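Asker: Quick one: the structure is below, and I'll ask about it shortly.
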Amino acid sequence: MTITQPERLQRRLACRALALPLLLAGVGAPLLPVAAQSAAPALERRVKAAFLYKFLGYADFPPQAFADAATPFTLGVFGADDMAAELTRIATGRMVAGRTIVVRALREQDLAQPVHLLFVAGQDEARTARLLRGSPAWLTVSECEGCLQHGSVINFTIVDERVRFDVSLDAAEKKNVKLSSRLLTVANRVQKGAS
């Protein structure tokens, strides 16, 4: 049986998705080699979406973050509808800490709505800083250089062709969210105080 290039890529992506627990154990997921760069953005999106889903299990939210025991986790995604779709695919039918998960693709007018986790996509630091300032989200995640200084709790970064993340303990403390030491040990960098 001959395996086509798309089938190889699909199998490789499936293997990487199964290796998600290893991602949080510090192994990380390398991006595809240069020969498959056209698939790299899709793989990067999948890895980041998997991280976003997993972050919920490594964060302790304050009691006031939930109306009652049945309140689902709400994940808001701003600026990346493809990421919201991928995150919906990952979270459908799953629970974290006994709660279901709702994913919302947000527009700027929606950002005043409280969400448990807000992901702001894109490399525009000024825009991300403005959106983070006005957000009532408990756990904020970004992907642009310098956004930890603007209130992001977690910021994605690429290190040695792997999706990694940096953490701001000060931002987490201001949001009254406690992050697991297990999450902090696999972070690329943990920032406490002024950078």
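Here is a yes/no grid of residues against (1) aliphatic (A, V, I, L, M); (2) in contact with a strand residue (DSSP E or B) (Cβ under 6 Å, 6 or more places away or on another chain); (3) within 24 Å of VAL167 (Cβ to Cβ):
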{"residue": "MET83", "(1), (2), (3)": "yes, yes, yes"}
{"residue": "THR88", "(1), (2), (3)": "no, yes, no"}
{"residue": "GLY93", "(1), (2), (3)": "no, no, no"}
{"residue": "GLY98", "(1), (2), (3)": "no, no, no"}
{"residue": "ALA105", "(1), (2), (3)": "yes, yes, no"}
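Asker: Still on this structure, please answer the following. Give the residue, chosen from ARG45, ARG89, that is open to solvent by 10 Å² or more (accessible area, probe 1.4 Å) and modelled with pLDDT of 95 or more. Outline the logic, then answer.
Answerer: Values: ARG45 fails: modelled with pLDDT of 95 or more.
Testing whether each residue is open to solvent by 10 Å² or more (accessible area, probe 1.4 Å) and modelled with pLDDT of 95 or more leaves just ARG89.
Asker: While we're here: Can you pull out every residue in the stretch 51-79 that is out of contact with any Lys or Arg (no Cβ under 9 Å at 6 or more places or on another chain) and assigned to a helix (DSSP H, G or I)? Break it down stepwise before answering.
Answerer: First, the residues of the stretch 51-79 that are out of contact with any Lys or Arg (no Cβ under 9 Å at 6 or more places or on another chain): 51-52, 54-55, 57, 63-65, 67-68.
Listed by number, the residues that qualify are PHE51, LEU52, LYS54, PHE55, GLY57, PRO63, GLN64, ALA65.
Asker: Looking for whichever is surrounded by fewer than 20 Cβ atoms within 10 Å (Cβ to Cβ) and modelled with pLDDT under 95 here; the options are SER135, SER195, SER180. Which one fits?
Answerer: Numbers: SER135 fails: surrounded by fewer than 20 Cβ atoms within 10 Å (Cβ to Cβ); SER180 fails: modelled with pLDDT under 95.
Checking each option against the conditions leaves just SER195.
Asker: Filter the stretch 160-187 down to the residues that are of a type in the set (S, T, N, Q), touching a residue at least 40 places away in the same chain (Cβ under 8 Å) and either part of a strand (DSSP E or B) or over 18 Å from GLN149 (Cα atoms) (or both) and list them by number. Explain how you work it out, then say what you get.
Answerer: Filtering the stretch 160-187 down to residues of a type in the set (S, T, N, Q) leaves 168, 176, 180-181, 185.
Still in the list and also touching a residue at least 40 places away in the same chain (Cβ under 8 Å): 176, 180, 185.
If the condition is that a residue be of a type in the set (S, T, N, Q), touching a residue at least 40 places away in the same chain (Cβ under 8 Å) and either part of a strand (DSSP E or B) or over 18 Å from GLN149 (Cα atoms) (or both), then SER180, THR185 are the ones that fit.
Asker: Can you name the residue in the stretch 138-159 that is within 16 Å of the chain's Cα centre (by Cα) and either among the basic types (Lys, Arg) or in a helix (DSSP H, G or I) (or both) and, of all such residues, is surrounded by the fewest Cβ atoms within 10 Å (Cβ to Cβ)?
Answerer: Among them, the one singled out is LEU148.
The values are calculated or read from the model by the stated rules, or taken from the named source; none is laboratory data. Only a predicted model underlies this, so the values are computations on that prediction, with no experimental measurement involved. Counting neighbours? That spans all protein chains shown, and the Cβs are built from the backbone with ideal geometry, glycine included. To get the accessible areas, we keep the full protein, side chains included, count just its heavy atoms, and leave off ligands, DNA and RNA. Shrake-Rupley method; radii C 1.70, N 1.55, O 1.52, S 1.80 Å.
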